[in-house]
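S.K.: So that we are looking at the same thing, I have put the structure below in structure tokens.
The values are calculated or read from the model by the stated rules, or taken from the named source; none is laboratory data. Quantities reported herein were computed from a predicted structural model and do not represent experimental measurements. Here the Cβ positions follow ideal geometry from the backbone for every residue, glycine too, while neighbour counts run over all protein chains shown. The protein model used for the area step is the full one, side chains on, heavy atoms only, and it has no ligands, DNA or RNA in it. Shrake-Rupley method; radii C 1.70, N 1.55, O 1.52, S 1.80 Å.
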Amino acid sequence: MSVTGARGTVAARNPGRLESGAVLVADELVRPGGAAVECRAAALLAGTLRRQGAATVRGPLHLDADADAGEAGALAAVLPASGGGLTGLGAAAADGDRAGRTAVRAALAAWLSVAGPREVVLAAPRSFCAGVERAIEIVEYALEQRAGPVHVRKQIVHNTHVVADLEARGAVFVDELDEVPDGATVVFSAHGVSPAVHAEAERRGLEVIDATCPLVTKVHAEARRFAARGDTVVLIGHAGHEEVEGTLGEAPDRTVLVETPADVEGLRVGDPERVSYLTQTTLAVDETAEVVDALRARFPAVRGPASDDICYATTNRQDALKAIAEEADLVLVVGSANSSNSVRLAELARRSGAPGHLVDDVGGIRPEWLAGARRIGLTAGASAPPHLVGAVVAALSGLGPVTVTEHETARETIRFTLPPAVRPSS
Ligand code: SF4
């Protein structure tokens, strides 16, 4: 059996210890002589198999010189990789598991059909912003410094991996304050909370550590100021988002929420001469401009914030994405589905003409997206950890040689100081 540079499948030795329904996804292929080939795209294959209902385990898979690939329940392929090396792809179903065997064949065939050389263009800036880094550090310091449990109201930032990691390190995530025992420590998330939540925490004697991003705090201050001068405050944002709930709570009787230009048409205000607007920090810049234009057309005297509420990180990530999307066959955005700025990035990619997909991590990538996609634009929302982007690049390099370039449109140097409650003494 020769597998050097092969793209077809060869039989592998079923490890024989798999439970029915479980599928082994190879981390490495071990050749009959004992030499191993790394399987860099294992997470892609595992994601496909999990979507088909299989429970996946990871481990080495041994190529079998004598077995027939047409019959085998364990299959593998070896592909050329960057720099003249090799990369592998393989999986095995348990003995007698016909459904698992069918799934292995289909998944392997799907990924092999899109194997080949690619170019990955990274957008820069991407991934964590200063507000997210600060919020995560606050929870980390609180865990280090507090003897008792550290509760976090809502997801500290909208990313499943960040939340799972902090949970594994001891943080207790809750939806509302009534889940926090009296007198305990609670961290408020980066998205901010309404004054009513602060008041409730004080009444309950909770130790509050506020991880609200300073740029969200700025919008809250504007809401109070605009409302205090007697204006109707029009908040442009998405209904139900935690940041919007918090900002609306600053002046609930004077604030109205709009999402689209059509919403502006239906607005009823007390005095058209006394209208101000604010925005959620993580909106699409171009779509928000359309809503502001509609407000100006309807209320020529409308006043806005001194500087944009859409934050520097959101703006920079959208500009960086636009710079790469037009030339890309496919854009992948790493981020969670409830992350507003990540969702906006995927939408922006599609408006720029490239198929754009949001994935929580590498396991969410589907083989059909890669068909014909030789140039892939890659970015991540402000709440998505940078290592997840690295994992996507590594996995793509398991399908063939990959060249990686970065297109930088801005350099970010902003850092926010930690609140006194957790600031380490220097
Ligand atoms: S996206 Fe903007 S507003 Fe949100 S945490 Fe980051 S810097 Fe702050």
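S.K.: Mind running the shape call on the stretch 104-247? Use the C-alpha gyration tensor, a ≥ b ≥ c as the square roots of the eigenvalues: rounded below 1.5 for a/c, prolate if a/b tops b/c, oblate otherwise.
M.R.: Since a/c reaches 1.5 but b/c is at least a/b, the shape of the stretch 104-247 is classed as oblate.
S.K.: Right, something else. Could you go through the stretch 337-348 in sequence order and give the Karplus-derived ³J(HN,Hα) for each residue, using 6.51 cos²θ - 1.76 cosθ + 1.60 with θ = phi - 60°, rounded to whole Hz, and x for Gly and Pro?
M.R.: 5, 9, 8, 4, 5, 5, 4, 4, 5, 5, 5, 5
S.K.: Restricting things to Cα coordinates, could you compute the convex hull volume per residue of the stretch 228-268 in Å³?
M.R.: Details: hull volume 2.8 nm³, N = 41.
It is 69 Å³ per residue.
S.K.: Which value, in Å to one decimal place, does the Kirkwood hydrodynamic radius take for the stretch 130-213 when every pair of different Cα atoms is included?
M.R.: Kirkwood radius, the stretch 130-213: 12.5 Å.
S.K.: Using a Förster radius of 56 Å, what is the FRET efficiency between Asp308 and Ala168 based on their Cβ-Cβ separation? Nearest 0.05, please.
M.R.: For Asp308 and Ala168, the calculated efficiency is 0.95.
S.K.: Continuing with the same structure: May I ask you to list the trypsin sites (Lys or Arg not before Pro) in the stretch 331-412 that are in a DSSP loop and have at most 11 other Cβ atoms within 10 Å of their Cβ?
M.R.: When the trypsin sites (Lys or Arg not before Pro) of the stretch 331-412 are filtered for loop state and at most 11 Cβ neighbours within 10 Å, Arg411 remain.
S.K.: Could you pull the Cα extents of the chain along its three principal axes, largest to smallest, in whole Å?
M.R.: For the chain, the Cα extents along the three principal axes come out at 83, 51, 43 Å.
S.K.: What are the residues whose amide H is under 5 Å from the amide H of Val234, where those residues sit 5 or more places off or on another chain and H is modelled from the backbone?
M.R.: Val256, Ser276, Tyr277, Leu278
S.K.: Which whole-Hz ³J(HN,Hα) couplings does the stretch 134-150 yield from phi under the Karplus relation 6.51 cos²θ - 1.76 cosθ + 1.60, θ = phi - 60°, glycine and proline marked x?
M.R.: 5, 4, 5, 4, 4, 5, 4, 5, 4, 4, 5, 8, 9, 6, x, x, 10
S.K.: Something else about it: State the percentage of accessible surface on the stretch 215-298 attributable to carbon and sulfur atoms; use a 1.4 Å probe and exclude ligands, DNA and RNA.
M.R.: On the stretch 215-298, the fraction of accessible area on carbon and sulfur atoms equals 51 percent.
S.K.: Beta carbons within 10 angstrom, averaged per residue: use that to sort the peptides 378-386, 364-372, highest first.
M.R.: 378-386, 364-372
S.K.: What length, rounded to one decimal in nm, is gained on full extension from Glu326 through to Ala301, with 0.36 nm per residue of separation minus their alpha-carbon distance?
M.R.: Roughly 5.3 nm would be gained on extension.
S.K.: Taking the simple approach of a point 7 Å from Cα along Cα-to-Cβ for both Arg351 and Ala410, what is their distance in nm?
M.R.: In this crude spin-label approximation the distance works out to 1.6 nm.
S.K.: Out of the stretch 13-51, which trypsin sites (Lys or Arg not before Pro) are coil in DSSP terms and have no more than 16 other C-beta atoms within 10 Å?
M.R.: Of the trypsin sites (Lys or Arg not before Pro), the ones in loops of the stretch 13-51 whose Cβ has at most 16 other Cβ atoms within 10 Å are Arg17.
S.K.: I'd like to compare 259-268, 98-107, 149-158: which one has the highest average count of other Cβ atoms within 10 Å, and what's the full order after that?
M.R.: 149-158, 98-107, 259-268
S.K.: Local charge sum around Ala81 (other residues, Cβ-Cβ under 9 Å, Lys/Arg +1, Asp/Glu -1)?
M.R.: Residues near Ala81 contribute 0 overall.
S.K.: Modelling each spin label as a point 7 Å along the Cα-to-Cβ direction, I'd like the Glu207/Asp286 distance in nm, to one decimal.
M.R.: 4.9
S.K.: Which ³J(HN,Hα) values, rounded to whole Hz and listed in residue order, are derived for the stretch 255-263 from phi using the Karplus coefficients 6.51, -1.76 and 1.60 in 6.51 cos²θ - 1.76 cosθ + 1.60 with θ = phi - 60°, glycine and proline given as x?
M.R.: Residue by residue, the stretch 255-263 yields 10, 10, 9, 10, 10, 9, x, 5, 5 Hz.
S.K.: Would you kindly state how much longer the chain becomes between Arg51 and Glu19 on full extension, computed as 0.36 nm times their sequence separation minus their alpha carbon distance, in nm to one decimal? Could you put the intermediate results ahead of the total?
M.R.: Numbers: separation 32, 0.36 × 32 = 11.52 nm, distance 1.82 nm.
Full-extension gain reported as 9.7 nm.
S.K.: Within the accessible area of the stretch 10-113, what % is carbon and sulfur when the probe is 1.4 Å and the other protein chains stay in place?
M.R.: Numbers: 2090 of 4380 Å².
With neighbouring chains kept in place, the figure for the stretch 10-113 is 48 percent.
S.K.: Okay, next question. What is the diffusion coefficient of the stretch 299-426 in µm²/s, taking the Kirkwood radius over Cα pairs and the Stokes-Einstein relation at 10 °C with a viscosity of 1.306 mPa s?
M.R.: The calculation lands on 97 µm²/s.
S.K.: Just check the stretch 51-154 against the gyration tensor rule for me: Cα atoms, a ≥ b ≥ c as the square roots of the eigenvalues, rounded for a/c under 1.5, and otherwise prolate or oblate depending on whether a/b exceeds b/c.
M.R.: prolate
S.K.: Sketch the reach of a paramagnetic label on Ser425 as a point 7 Å from Cα along Cα-to-Cβ, and name the residues of the stretch 136-166 whose backbone nitrogen lies under 15 Å away.
M.R.: 145
S.K.: Quick check: residue separation of Ala262 and Asp293 times 0.36 nm, minus the Cα distance between them. What number comes out in nm?
M.R.: 10.0 nm
S.K.: In terms of the Cα gyration tensor, with a ≥ b ≥ c the square roots of its eigenvalues, is the stretch 215-298 rounded because a/c is under 1.5, prolate because a/b exceeds b/c, or oblate?
M.R.: Numbers: a/c = 1.62, a/b = 1.05, b/c = 1.55.
Cα axes put the stretch 215-298 in the oblate bin.
S.K.: Moving on to the next point. With each run of n ≥ 4 DSSP H residues scored as -39500 (n - 2.57), what mean residue ellipticity at 222 nm is computed for the chain after dividing by its residue count and rounding to the nearest 500 deg cm²/dmol?
M.R.: Result for the chain, helices only: -10000 deg cm²/dmol.
S.K.: Which whole-number value in Å² is the accessible area per residue of the chain, probe 1.4 Å? Mind showing how you got there, number by number?
M.R.: Working: 17900 Å² over 426 residues.
That works out to 42 Å² for each residue.
S.K.: Between Ala228 and Ala337, what is the spin-label point distance in nm, taking each point 7 Å from the Cα along the Cα→C-beta axis?
M.R.: 4.2
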